Amino acid sequence: MRRLSFILLILTAVMPLRAQRKDSSRIAVTASARQYSILLRWGMTTSRAWKQGNQYGFELTRYTVTRDGKLLPSPEVKVLNSQPLRPKPLNEWENIVQHDQYAAIIAQALYGKDFEVSGGGDKGIASIMAQSAEQEQRFSLSLYAADNSFEAAVMAGWGWEDKEARPNEKYLYRVRSLNDSAGVFIGIQDYAPLPVPGDVGAVFGDKQVALSWDYSLLKHYYTSWIVERSKDGGKTFAPARSLPVTNLNEKEGKPSPRMYFIDSLEDNNTVYQFRVRGISAFGEKGPPSAVTTGKGRHVLIYVPNIRSNEISAQGKMTLTWEFETAGNTIIKGFALNQAARENGPYKTVLTNIAPDQRSLQYDQLLPSNYFTITAVAKEGESTTSFPVLVQPVDSTPPAPPVGLAATIDSNGVVTLSWKANTEKDMFGYKVFRAGRLNEELSPLVDSIYMNTVYKDTVPVKSLNRKIYYAVAALDKRYNQSGYSAILELKKPDVVPPTAPLFSAYKVEDGLVKLSWVNSGDEDIDAHLLYRKARADTSRKWVLLQTFRDGTQYYVDRFAEGGQTYTYILMAKDSSGLESPPTQPITVTVPADPGGISIKAVNVYVNREQRYIELSWKDNNDGINEYQLYKGAGSQSLSLWKVVPANVKMVVDESLKINTVYEYGVRAVNKNGLSGPLKKVQTSY
């Protein structure tokens with residue numbers, strides 16, 4: 001138990017997360033067991049920590065924890081580097097950058113004078129933002145490059161190969177920087193081959209292919225991917241891109257389950273084979289995935305367009321359409337489709353129409369017909385025209401319906417009924433409604449209504465008191481009759497009046513003066529004015545006055561200074577129905593700001609310990625907070641801090657020598673009222 005506690009103590013000492021530290025900068029460490037050595041990689045998690053790590057370097061310590069499967073009484077400790085691990089000097093990078101593009105990226109990030117970031121200016125905040133963005137790019141791209149070249153990572157002081165590791169031992173490696181440390185526990189016996197990427201799929205299109213593969217299961221093994229393709233039946237494979245594919249857009253909490261890659265193809269005739277290989281954080285290429293095979297497909301982009309149809313006296317239809325001549329070679333021909341309704345179902349009635357044919361004749365017509373023309377593709381999906389309506393001649397509409405009647409209940413449910421038409425070719429009806437007598441009638445159903453009883457629902461709480469209905473009949477040729485006699489239906493009286501409207505307000509001599517426009521409804525009985533005080537904990541609306549004589553002005557003489565009030569106005573009709581309240585008006589009645597003033601402000605300058613102590617005094621009650629202002633030199637005062645009411649002293653350590661500082665203190669009460677600003681100056 002004593003030995004186990006000692007090991008746990010070591011593990012705790014090198015854990016990368018510390019509960020008492022709020023800084024998000026951390027060292028991240030990973031390791032990979034090889035057959036005869038152990039590879040280690042580390043890096044900082046922020047650009048600021050990355051820059052500091054490059055400056056001060058890292059220390060790598062190895063703790064031998066187990067040997068031959070047994071826990072050692074005390075771990076054997078060895079510091080693997082005699083000097084801090086820092087990036088190699090610039091001149092030592094000259095050879096590796098000649099053959100390793102990732103080493104060139106790291107060298108430029110570490111030593112390059114410029115690491116260009118577009119946008120912004122060269123002065124002020126734009127310059128600061130540009131420098132920050134440049135630092136982030138140096139940091140991000142150097143870590144990306146290190147993931148793809150372990151040799152370059154070692155040159156940068158971010159990697160190590162422990163060639164002294166033994167197969168019968170397991171180690172705890174600790175990497176320590178200036179302010180943090182992290183560790184990883186591993187042994188050569190943990191060696192396992194890198195996994196094979198799985199579930200690789202491909203969707204082939206016109207001279208392109210979209211590949212995808214399972215990313216979520218292997219993202220702990222691989223940091224980037226190589227997509228390889230073959231055009232010679234799998235004899236040779238070459239990378240489809242010069243650079244690996246990396247997922248740079250994964251969001252925390254929303255991991256991406258798959259990786260996607262789109263590649264262009266030279267033509268649609270060559271058979272391509274694709275496979276995927278992963279690259280670990282140590283630049284190692286994993287085994288290739290299973291091969292997915294396919295070739296590009298010609299996509300039919302041309303769509304037939306029916307231009308005309310004519311019906312002869314003998315009832316034979318002649319149909320003509322347009323289709324791009326360039327599409328003749330990639331279709332088998334055309335097909336004619338027929339349906340009794342626009343939305344189908346459609347039945348193919350003519351096939352094997354020649355690719356260069358643009359007209360046909362057909363005589364098996366229904367009373368109403370919808371036709372479409374389909375271009376049958378040799379590969380991929382066919383395309384179909386929009387439907388057109390073809391009807392044999394019949395221009396006589398049915399008679400307008402008669403006997404239209406209706407009832408309406410208190411919920412606004414309307415029941416319409418009428419007598420059925422007796423024509424032999426009757427198809428159905430359309431129901432219409434209008435909100436006013438002379439308003440255009442609007443259809444209530446998009447399709448044909450087959451019954452003679454129809455239910456509608458209207459809002460009873462609307463301004464119009466009446467509703468109007470009519471019905472029209474349609475035959476199977478879609479000839480529509482005239483309207484039935486228009487039916488006028490009175491709605492239940494449950495509509496509240498329209499709301500009044502505040503037009504103006506002002507605070508003058510401590511009085512709140514309100515003006516408004518009364519509701520314009522004819523049956524208004526009264527207008528009700530309510531008020532609510534913000535300081536009132538009950539939060540109830542209080543009725544100030546009821547107006548029945550058309551008054552549109554009110555002076556609130558009972559408002560108290562330093563208080564905030566909200567006002568609303570409502571209208572009530574003769575049925576007792578109340579309108580919605582107006583948009584609330586919130587008014588603050590000023591109080592005497594001198595009543596919450598600061599009595600005295602004092603400063604104490606301590607040049608030895610480099611701070612200024614600011615304190616103040618007041619005798620105010622009901623203070624909510626103090627607003628502190630600061631100005632340096634010729635700068636005007638600006639808000640510096642906001643402190644609670646129980647704080648009356650602060651310390652300023654952000655100072656410059658030989659500078660005159662001006663401070664100001666202002667009290668703010670619980671009603672949000674601010675007192676005068678009390679100022680004081682001092683030299684530092």
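What 222 nm value per residue comes from the helices of the chain, counting each DSSP H run with n ≥ 4 as -39,500 (n - 2.57) and dividing by all residues, nearest 500 deg cm²/dmol?
Numbers: 5 runs with 64 residues, N = 684.
Result for the chain, helices only: -3000 deg cm²/dmol.
Provide the gained length on full extension for the span LYS347 to LYS461, in nm with one decimal, where the gain is 0.36 nm per separating residue minus the Cα-Cα distance. Can you show the working numbers first?
Working: separation 114, 0.36 × 114 = 41.04 nm, distance 4.90 nm.
Difference between extended and current length: 36.1 nm.
Return the Rg/Rh ratio of region 594-658 with Cα-based radii and a Kirkwood Rh.
Details: Rg = 13.1 Å, Rh = 13.2 Å.
Radius of gyration relative to Kirkwood radius: 0.99.
Provide the gained length on full extension for the span ALA420 to SER654, in nm with one decimal, where the gain is 0.36 nm per separating residue minus the Cα-Cα distance. Write out the running numbers ahead of the final one.
Values: separation 234, 0.36 × 234 = 84.24 nm, distance 9.09 nm.
My answer for the length gained is 75.2 nm.
For the chain, return all DSSP H helices satisfying: extent of Cα atoms along own axis at least 27 Å; mean Kyte-Doolittle hydropathy at least -1.0. Walk me through the numbers before you get to the answer.
Working: long enough: 124-148 (37 Å, -0.14).
Helix filter hits for the chain: 124-148.
Can you give me the long-range amide H partners of GLY205? Hydrogens built in the peptide plane at 1.01 Å from N, cutoff under 5 Å, separation of 5 or more residues or another chain.
Residues meeting the amide H criterion: ALA210, ARG297.
So if R0 is 60 Å, what FRET efficiency would ASP394 and THR551 give, r being the distance between their Cβ atoms, rounded to the nearest 0.05? Could the numbers behind the result be given before it?
Details: r = 68 Å, r/R0 = 1.13.
Efficiency, from the Cβ-Cβ distance: 0.35.
By a straight-distance test (C-alpha under 13 Å), which aspartates and glutamates pair with LYS513 as possible cross-link partners, with residues fewer than eight away in the same chain excluded?
Qualifying aspartates and glutamates at Cα under 13 Å: ASP556.
Using each residue's phi in region 230-236, evaluate 6.51 cos²θ - 1.76 cosθ + 1.60 at θ = phi - 60° and report the 3J(HN,Hα) Karplus result to the nearest Hz, with x for Gly and Pro.
9, 10, 10, x, x, 5, 9
So how far apart, in nm, are the two label points at GLN357 and THR320 if each is 7 Å from Cα heading toward Cβ?
Output for this residue pair reads 1.7 nm.
Past the 26 Å Cα-Cα mark, which pairs from LYS88/LYS163; LYS207/LYS332; LYS430/LYS466; LYS506/LYS678?
Values: LYS88/LYS163 20 Å; LYS207/LYS332 21 Å; LYS430/LYS466 21 Å; LYS506/LYS678 30 Å.
In this structure, LYS506/LYS678 exceed 26 Å between Cα atoms.
Sorted by packing (mean other beta-carbon atoms within 10 Å per residue), highest first, where do 442-451, 304-313 land?
On the way: 442-451: 11.6, 304-313: 13.6.
Top of the packing list down: 304-313, 442-451.
Residue-wise, which Karplus ³J(HN,Hα) couplings in Hz belong to region 376-389, taking 6.51 cos²θ - 1.76 cosθ + 1.60, θ = phi - 60°, and x for glycine or proline?
So the J values, rounded to whole Hz, are 7, 6, 6, 10, x, 8, 7, 10, 10, 6, 5, x, 10, 8.
Would you kindly work out the equivalent ellipsoid of region 241-388 from its C-alpha gyration tensor and give its semi-axes, the square roots of five times the eigenvalues, largest first in whole Å? It would help to have the intermediate numbers written out before the result.
Working: eigenvalues 500, 68, 27 Å².
Values for region 241-388, descending: 50, 18, 12 Å.
For the residue pair ASN328 and ASP525, what label-to-label distance in nm results when each label sits 7 Å from Cα along the Cα-to-beta-carbon direction?
About 8.4 nm, to one decimal.
How much net charge surrounds GLN609 when only the other residues with a Cβ under 15 Å from the Cβ of GLN609 are counted, with Lys and Arg +1 and Asp and Glu -1? If you can, show how the numbers build up before the last one.
On the way: positive: ARG607, ARG610; negative: GLU608, GLU613, ASP652, GLU653.
Local net charge: -2.
Along the three principal axes, how long is region 305-390 when you take its alpha carbons, biggest first, rounded to the nearest angstrom?
Computed over region 305-390, the largest-to-smallest principal extents equal 37, 25, 19 Å.
Assuming 0.36 nm per residue, please report the length gained on full extension of the stretch LEU437 to ALA28 beyond their Cα-Cα distance.
Details: separation 409, 0.36 × 409 = 147.24 nm, distance 7.71 nm.
Net length gain for the segment: 139.5 nm.
Sorted by average packing, counted as other Cβ atoms within 10 angstrom per residue and highest first, what order do 515-521, 56-62, 606-612 take? Please list the in-between numbers first.
Working: 515-521: 16.1, 56-62: 18.7, 606-612: 11.7.
Taking the mean over residues of other Cβ atoms within 10 Å, the ranking is 56-62, 515-521, 606-612.
With the crude spin-label approximation of a point 7 Å out along Cα→Cβ, what separation in nm comes out for TYR191 versus ASN620?
7.5
Just need the relative contact order of the chain here, percent rounded to a whole number, with Cα pairs under 8 Å and 6+ apart. Write down the numbers at each step before the final one.
Working: 1494 pairs, mean separation 45.2, N = 684.
Value for the chain: 7 percent.
If a paramagnetic tag sat 7 Å from the Cα of ASN518 along the Cα-Cβ line, which residues of region 546-579 would have the backbone N under 13 Å from that point?
Residues passing the 13 Å test: 546-553, 571-574.
Which ³J(HN,Hα) values, rounded to whole Hz and listed in residue order, are derived for region 294-309 from phi using the Karplus coefficients 6.51, -1.76 and 1.60 in 6.51 cos²θ - 1.76 cosθ + 1.60 with θ = phi - 60°, glycine and proline given as x?
x, 9, x, 10, 6, 9, 6, 9, 9, 10, x, 9, 6, 9, 7, 8
Given the options GLY57, GLN83, PHE427, identify the residue whose Cα lies farthest towards the positive end of the charge dipole of the chain (+1 on Cβ of Lys, Arg; -1 on Cβ of Asp, Glu).
Selected residue: GLN83.
Would you list the P(r) distribution for the chain, with all Cα-Cα distances sorted into 10 Å bins from 0 and each bin expressed as a whole %?
2, 9, 10, 10, 10, 12, 15, 16, 11, 4, 0, 0
Evaluate the relative contact order of region 593-683 (contact order divided by residue number), counting alpha-carbon pairs under 8 angstrom at least 6 apart; express in whole percent.
Details: 208 pairs, mean separation 32.9, N = 91.
Over region 593-683, the number comes to 36 percent.
Quick note: the coordinates plus some simple rules give every number you see, no bench work behind them. Predicted model only: the values in this text are computed from it and were never measured. No Cβ is skipped: glycine too gets one built from the backbone with ideal geometry, and neighbour counts run over all protein chains shown.
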